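Any read-out appearing in this document is the output of simple, stated calculations on the displayed coordinates, not a laboratory observation. Keep in mind it's a predicted model, so treat the numbers as computed, not measured. Cβ placement follows ideal geometry from the backbone for every residue including glycine, while neighbour counts extend to all protein chains displayed.
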Amino acid sequence: MEISHDTEGLPVKIAIRKPLDGHEHLRRDSMLKMVGPMVAKRFRAAIVMPNTVPPITTESQVCGYLKEIWQATGPDFLPLMTLYLTDTLEPSHVEALVGVGTVKGIKYYPRGLTTNSDSGVKNPSSLWTSGTRPYECLQALAEHGGVLLLHAADGFDENGVELDPFDQEKHFIEHTLPRIRDAHPKLKISVEHLSTKWGVEYLLKHGGPLLGCSLTAQHLLLDRRDWLRGGFHPQRFWWPIIQPTEHREALRVLAKADKPFVWLGSDSAPHPVEKKRADCCAGGVLMAHAGIELYVEAFENMGALDDRFERFASINGARFYGLGDSDETIELVREEWTVRHSPHIADGGTSKEVIPFRLGEKIRWKLVA
Ligand SMILES: [Zn+2]
């Protein structure tokens with residue numbers, strides 16, 4: 001990473017290899033047309049989440065989605081596709097698609113716990129119980145070197161009692177993840193958007209070539225106080241739920257620790273405004289409009305805006321997913337700007353507002369276009 005300072009020693013400009021976004025919801029149709037160019041400007045590639053409607057589970061769906069993505073991003077952007085793990089996903093599809101590299105991994109969604117997760121696996125035990133479809137899919141995935149991407153949350157404990165949302169990741173890390181790893185010892189696993197100190201402790205102990213995690217900028221920047229200060233802020237509501245300060249601090253320790261098994265995954269997850277300002281507010285927010293800028297700010301706040309940042313953003317995730325280091329670079333300058341624009345998407349002739357993260361607030365770093 002190249003970094004320039006002003007006369008007072010303040011960093012004013014950085015250049016890094018073009019990064020990879022390890023967790024991106026590009027959506028479809030008009031939303032994809034809006035989000036795609038934002039992502040392609042900042043990232044060379046992204047792991048594309050499959051929880052569209054309908055979910056991505058077959059070769060023809062993967063190919064159709066890929067074509068639509070390239071129409072929005074242009075051909076230089078590399079979408080790394082994933083399949084949605086359902087109770088009926090065909091192991092033969094996994095074998096065929098991961099075997100030739102069309103698909104990089106499978107995403108596990110616990111049913112009902114996040115956006116468009118109704119098709120998710122009903123019983124987490126099927127991930128480690130031989131004879132079930134999900135188990136067979138993970139076997140095929142491991143055999144072909146694909147990655148299991150985990151939404152690391154359990155909805156219920158062993159007695160069927162509903163878990164508190166703030167304990168969903170803790171339960172998964174302590175009970176579900178070890179069982180998956182025992183049942184599939186050769187499987188590459190990425191814990192997505194790690195959000196708790198319990199997750200951090202586990203990763204620091206067990207992280208390595210077969211187990212890594214992605215971190216979001218929003219979990220590094222905010223904590224539960226920001227979500228509920230003066231009332232409920234729908235634009236700061238996402239899954240996994242925003243935790244108290246001690247968890248944010250643990251995530252910062254992990255991000256600064258310069259571990260090769262920790263990387264950027266923005267979890268940019270836009271919704272039309274009516275889904276956010278609704279009786280049941282949808283989790284997720286648009287981050288793609290400042291998808292790298294917010295991470296620069298987070299790393300600067302942590303005192304880690306140095307080579308560690310480039311490894312986190314551009315190298316660790318890319319290597320985990322089998323990509324070489326990028327030859328392209330992007331530049332960012334210290335130039336404060338206000339998120340004023342509230343993007344609109346035309347859907348069936350009507351205009352729909354999507355509120356970006358930090359609307360009306362300032363962002364300290366700017367991408368050099
Ligand atoms: Zn997500």
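Electrostatic tally near R308: other residues with Cβ closer than 14 Å to its Cβ, Lys and Arg +1, Asp and Glu -1, net 0. When each of the peptides 1-10, 290-299, 221-230, 132-141 is scored by how many other beta carbons lie within 10 Å of its residues on average, the order from highest to lowest is 290-299, 132-141, 221-230, 1-10. If the chain linking K362 and V12 were pulled fully straight, counting 0.36 nm for each residue of separation and taking away their Cα-Cα distance, it would gain 124.4 nm. Summing charges over neighbours of S92, with a neighbour being any other residue whose Cβ is under 14 Å away from its Cβ, gives -4 when K and R count +1 and D and E count -1. The residue list F172, G120, V161 was ranked by how far each Cα lies along the charge dipole of the range 112-175 toward its positive end, using unit charges on Cβ atoms, and G120 comes out on top. Taking amide H positions as modeled 1.01 Å from N, with prolines and chain starts lacking one, the residues under 5 Å from K107 and 5 or more places away or on another chain are L83, Y84, L85, L149. Extension gain for R111 to R225 (0.36 nm times residue separation, less C-alpha to C-alpha distance): 38.2 nm. Label-to-label distance, V253 versus S130, with points set 7 angstrom from Cα along the beta-carbon direction: 3.9 nm.
Inter-part distance, the range 232-274 to the range 185-215, computed on C-alpha centroids, equals 14 Å.
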